[in-house]
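K.L.:
Structure incoming, see below.
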Amino acid sequence: MYSLQSMGFLVALWRIGVLVPGRVHLPGLFNRLLMLVTVSGMLQRNTCSKFNQSGLLLMHVTPRYRGHRANRRVVVRGVAAMMLMSIFHSSAQAQMALASAINRTARFRALSQRIAKAYCQLYLNVQPALARDVLLSARHMVAAGGDELAKGLNTGPWPADIAALLGGIQKHVDILNSLLTMPPTQESVRAVALQVDKFLITANTTTETIEKLSTAGSARLLNTVGRQRMLSQRLAKNYFLVAAKLGETTTPQQMNADAAEFKSTLSGLAKLPITTTNIRNELTLGEQQWVFFEAALRNKPDESGLKNVATASERLLDVMDKLTGLYEVALKDVLG
């Protein structure tokens, strides 16, 4: 049987879990408490053979403290303290900083357009293996981003208006996923294109609303840098829609405006004081990738042109995503 001191310590740990709702993952807490009970019982019984499946730390501890009751209590409490610190550390890490939240919702904008691009690419039979990989990756990132954002900020739960917007994003994603179960046809591609634009609008509103939680003007910068990812993907999506004869009459004007905005933003970023050496190197790479992508967009959408846009858009997106990550790190101290 366990000592009263050990059981009292377990009760204290459990009360901590109950008294801090939303800050401790209760299933994880229960597993750690169960392990603590097991450790305590093993130490009390001086049983060495049952430690083989319990981890290297316990295997080393057992021989040293066998037969010393006072020391056994120290070990139990020490292990419990380490578990407790692990619980609160993992709980704090589970929630995100404001800069990270802006980055994640801003990324939804690009992912919405990337999904439509890949789906239309499948319809046109342009590098179908690549298109399937892109579609799978984008959908996985949307799901992972939604799970991460649902945990809230490191300062607490989301305000009601932002929580409602995140719920709206999930509804758009659910509808989009149902559309993506259909094989790509002219009708389904058109439906997906319409749905991702609804997704984009809500994701953009959410990003701007989260941005307003910060009083620092630099929050706008992270939003702007993250928008570059979306522009690269919307340009490619519209290029494919035109090739599929599904473009709107305003599509060429939108493509021209997106290209002009992308170039202007890229040029402006290099002049900012926050631009570190790593950021500058990534900006240079982005400028080089933009030259290839812009040239591909100017070509007619034949087989060669479609392949070039598909490849160049992915390369440019990769650079812009890394660039946004670098700005996120640089701005975390400012935004929290």
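Only the coordinates and a few stated rules stand behind these numbers; no lab work does. Please read all numbers here as calculations on a predicted model, not as lab measurements. Note: ideal-geometry Cβ built from the backbone for every residue, glycine included; neighbour counts use all protein chains shown.
K.L.:
Could you give the nm distance between label points at residue 322 and residue 197, where each point is 7 Å from its Cα heading toward the beta carbon?
P.N.:
If labels sit at residue 322 and residue 197, their model points lie 3.4 nm apart.
K.L.:
Could you check the spin-label model distance between residue 287 and residue 216? Points 7 Å from the Cα along Cα→Cβ, value in nm.
P.N.:
The answer from the label model is 2.7 nm.
K.L.:
Is region 128-191 rounded, prolate or oblate when judged by the Cα gyration tensor, a ≥ b ≥ c being the square roots of its eigenvalues, rounded requiring a/c under 1.5 and prolate requiring a/b larger than b/c?
P.N.:
oblate
K.L.:
Compute the separation of the alpha-carbon centres of region 139-189 and region 205-238 and state it in Å as a whole number.
P.N.:
17 Å
K.L.:
Moving to a separate point now. So what's the net charge close to residue 222: Lys and Arg +1, Asp and Glu -1, counting the other residues with Cβ under 9 Å from its Cβ?
P.N.:
Once positives and negatives cancel, what remains is -1.
K.L.:
Between residue 125 and residue 171, what is the spin-label point distance in nm, taking each point 7 Å from the Cα along the Cα→C-beta axis?
P.N.:
4.0 nm
K.L.:
Would you kindly state how much longer the chain becomes between residue 154 and residue 307 on full extension, computed as 0.36 nm times their sequence separation minus their alpha carbon distance, in nm to one decimal?
P.N.:
Result for the pair: 50.8 nm of gain on full extension.
K.L.:
OK, next. Place a +1 charge on the Cβ of each Lys and Arg in region 235-326 and a -1 charge on the Cβ of each Asp and Glu, then give the dipole magnitude about the Cα centre in debye, rounded to the nearest 20. Working shown, then result.
P.N.:
Details: 10 positive and 11 negative charges, 23 e Å.
I would put it at about 120 debye.
K.L.:
Give me the net charge for the shell around residue 319: Cβ to Cβ below 12 angstrom, other residues only, Lys and Arg +1, Asp and Glu -1.
P.N.:
-2
K.L.:
For region 110-116, take each phi angle, set θ = phi - 60°, evaluate the Karplus expression 6.51 cos²θ - 1.76 cosθ + 1.60, and give the result in whole Hz per residue in order, putting x for glycine and proline.
P.N.:
Whole-Hz 3J(HN,Hα) from phi for region 110-116: 5, 5, 4, 6, 5, 4, 5.
K.L.:
Here's something else I'd like to know. Assign one of three labels to region 191-336, namely rounded, prolate or oblate, based on the Cα gyration tensor with a ≥ b ≥ c the square roots of its eigenvalues; rounded applies when a/c is under 1.5, prolate when it is not and a/b is larger than b/c, and oblate otherwise. Working shown, then result.
P.N.:
Values: a/c = 2.56, a/b = 1.47, b/c = 1.74.
Oblate is the answer for region 191-336, as a/c is 1.5 or above yet b/c matches or exceeds a/b.
K.L.:
While we're looking at this one, here's another question. Would you mind calculating the gained length between residue 272 and residue 300 on full extension (0.36 nm times residue separation, minus the Cα-Cα distance), in nm to one decimal?
P.N.:
Numbers: separation 28, 0.36 × 28 = 10.08 nm, distance 3.62 nm.
Taking residue 272 through residue 300 to full extension adds about 6.5 nm, to one decimal.
K.L.:
Assigning unit charges at the beta carbon (Lys, Arg +1; Asp, Glu -1) and nothing else, what dipole magnitude in debye, to the nearest 20, does region 175-294 show about its Cα centre? Spell out each step's value before the answer.
P.N.:
Numbers: 12 positive and 10 negative charges, 23 e Å.
Roughly 120 debye, rounded to the nearest 20.
K.L.:
What net charge is computed for the residues neighbouring residue 123, neighbours being all others with C-beta under 13 Å from the C-beta of residue 123, Lys and Arg scored +1, Asp and Glu -1?
P.N.:
Working: positive: 117, 132, 190, 237, 245; negative: 187.
Summing Lys and Arg as +1 and Asp and Glu as -1 gives +4.
K.L.:
Which pairs in the list 271/332; 117/307; 198/271; 117/212; 263/332 are over 22 Å apart, alpha-carbon to alpha-carbon?
P.N.:
Listed pairs above 22 Å: 198/271; 117/212; 263/332.
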